[in-house]
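S.K.: Sharing a structure, written as structure tokens. Questions coming.
The values are calculated or read from the model by the stated rules, or taken from the named source; none is laboratory data. Please read all numbers here as calculations on a predicted model, not as lab measurements. Note: ideal-geometry Cβ built from the backbone for every residue, glycine included; neighbour counts use all protein chains shown. Remember, those area values only see protein heavy atoms, side chains included, never the ligands or the DNA or RNA. Shrake-Rupley method; radii C 1.70, N 1.55, O 1.52, S 1.80 Å.
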Amino acid sequence: MNWNALYDHLRQRAPSLELRRDEPMSRHTTFRVGGPAALMALPKTVGEAKAVLKAAHDLKAELFFLGNGSNLLVSDRGTDRFVMKLSGRLERGDVREVNQQLVDWGGGSLSKLAVAALDRGLSGLEFAQGIPGSVGGGVYMNAGAYGGEISKIVSSVTALEPDGTVRELTNEECGFGYRKSIFSQSRLLVLQVCFAMEQRDRAEIKAQMDDLAARRREKQPLEYPSAGSTFKRPAPVDGQPVYAAALIDGCGLKGMSVGGAQVSEKHAGFVVNRGGATCGDIMKLMAQVRERVFQETGVTLEPEVRFLGKEGEGWNF
């Protein structure tokens with residue numbers, strides 16, 4: 001990729017667009033690891049976002065949409081993808097309410113959106129308060145926790161096509177599944193999301209959110225950088241649910257470590273950065289966990305964390 005040509009092209013189309021060269025991805029992932037992205041764009045308006053997509057389309061640059069980096073592992077060598085990260089809520093700074101529906105930008109915070117729903121006495125986002133991802137990222141992977149899921153409350157999504165064309169999608173058109181959507185299988189950018197909510201007593205909503213927050217603090221290693229659940233929930237066996245954390249714990253792998261990466265001693269479903277972990281450490285640990293679980297249970301764990309690296313790199317297992 002001719003990065004100078006792309007940079008100059010964007011400067012001409014969107015002079016005020018924030019562009020960063022060789023931006024360390026460790027600043028943009030909750031794992032706090034990752035080498036540089038050759039070029040990162042941080043649009044602050046819809047017009048700038050359209051300009052980025054159109055430039056990538058015209059110059060055939062492979063674009064990667066970055067949310068809050070809460071489900072992402074980036075190579076120590078960095079990435080040769082053109083990275084785009086929506087900067088906050090674009091033109092409108094506040095969450096909007098329209099007929100018991102909340103509207104927010106893709107770059108907004110899921111946790112802050114849940115608090116905004118609480119303030120309005122609107123129910124449906126209680127589970128999202130402790131999820132450290134962006135609104136767009138939550139839709140992208142159909143984020144969920146404690147029985148709640150984004151797919152259950154999305155009314156519609158405004159997205160951008162690779163050429164910058166605006167597209168409106170209904171819930172059904174989003175193709176939601178377990179930790180996936182049409183956005184995770186296409187090059188559509190989640191620009192804005194409309195959530196269908198229900199009126200509920202504010203005290204009841206707060207009580208539920210407080211309970212979930214307490215459960216997270218008790219069971220999850222929030223004191224260390226991580227990407228949340230490292231592996232997806234396996235398919236049921238004989239009609240019974242199977243959980244990755246239980247399998248890992250049952251194999252005696254809590255506390256297992258490679259370099260600065262460790263299977264959390266608090267929650268076996270989390271791989272954490274105990275300090276100074278590299279992407280290589282985390283990948284090696286994940287591979288060892290996956291191998292041991294398969295050897296002892298016959299279940300193949302699939303990563304929930306996404307990997308971003310240079311051409312030719314990928315999961316090493």
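S.K.: Taking the condition of being crowded, with 18+ Cβ neighbours inside 10 Å, in a loop (DSSP other than H, G, I, E, B) and not polar (S, T, N, Q), how many residues in the stretch 139-148 meet it?
M.R.: 2
S.K.: Restricting the search to the stretch 205-240, which residues are without any contact (Cβ under 8 Å) to a residue 24 or more places away in the chain, more than 20 Å from the chain's Cα centre (by Cα) and open to solvent by 80 Å² or more (accessible area, probe 1.4 Å)?
M.R.: Result: Arg217, Glu218, Pro236, Asp238, Gln240.
S.K.: Can you tell me which of Ser156, Ser151 is assigned to a helix (DSSP H, G or I) and either open to solvent by 10 Å² or more (accessible area, probe 1.4 Å) or out of contact with any helix residue (DSSP H, G or I) (no Cβ under 7 Å at 6 or more places or on another chain) (or both)?
M.R.: It is Ser151.
S.K.: I'd like to check which strands (runs of 3 or more DSSP E) are fully inside the stretch 14-116 and have at least 1 residues that are closer than 22 Å to Pro132 by Cα and among the hydrophobic types (A, V, I, L, M, F, W, C).
M.R.: Output list reads 36-42, 63-66, 72-74, 79-85, 101-105.
S.K.: Please verify whether Lys50 is touching an Asp or Glu at 6+ places or on another chain (Cβ under 8 Å), open to solvent by 30 Å² or more (accessible area, probe 1.4 Å) and under 16 Å from Gly106 (Cβ atoms), treating the condition exactly as stated.
M.R.: No.
S.K.: Only residues in the stretch 271-297 that are surrounded by fewer than 16 Cβ atoms within 10 Å (Cβ to Cβ) and part of a helix (DSSP H, G or I) count as the first member; pair them with residues that are at pLDDT 95 or above and not acidic (Asp, Glu), Cβ under 6 angstrom, at least 6 apart or cross-chain, and list the lot.
M.R.: Between residues of the stretch 271-297 that are surrounded by fewer than 16 Cβ atoms within 10 Å (Cβ to Cβ) and part of a helix (DSSP H, G or I) and residues that are at pLDDT 95 or above and not acidic (Asp, Glu), the close pairs are Phe294/Thr300; Glu296/Cys251.
S.K.: Just to be sure I understand, how many residues within the stretch 165-196 are touching a helix residue (DSSP H, G or I) at 6+ places or on another chain (Cβ under 7 Å), in a loop (DSSP other than H, G, I, E, B) and under 20 Å from Ser109 (Cβ atoms)?
M.R.: 1
S.K.: When you check Gly121 against the structure, is it under 22 Å from Gly69 (Cβ atoms), surrounded by fewer than 21 Cβ atoms within 10 Å (Cβ to Cβ) and not basic (Lys, Arg), yes or no?
M.R.: Against the criterion (under 22 Å from Gly69 (Cβ atoms), surrounded by fewer than 21 Cβ atoms within 10 Å (Cβ to Cβ) and not basic (Lys, Arg)), Gly121 does not qualify.
S.K.: While we're looking at this one, here's another question. Which of (1) open to solvent by less than 50 Å² (accessible area, probe 1.4 Å); (2) polar (S, T, N, Q); (3) closer than 30 Å to Asp281 by Cα; (4) touching a Leu at 6+ places or on another chain (Cβ under 9 Å) is the odd one out, the single condition Ser87 does not satisfy?
M.R.: That leaves (3) as the condition not met.
S.K.: Still on this model: Tell me, which residue of the stretch 241-253 that is closer than 15 Å to Met286 by Cβ and of a type outside the set (Gly, Ala, Ser) is farthest from the chain's Cα centre (by Cα)?
M.R.: Only one residue fits best here, namely Cys251.
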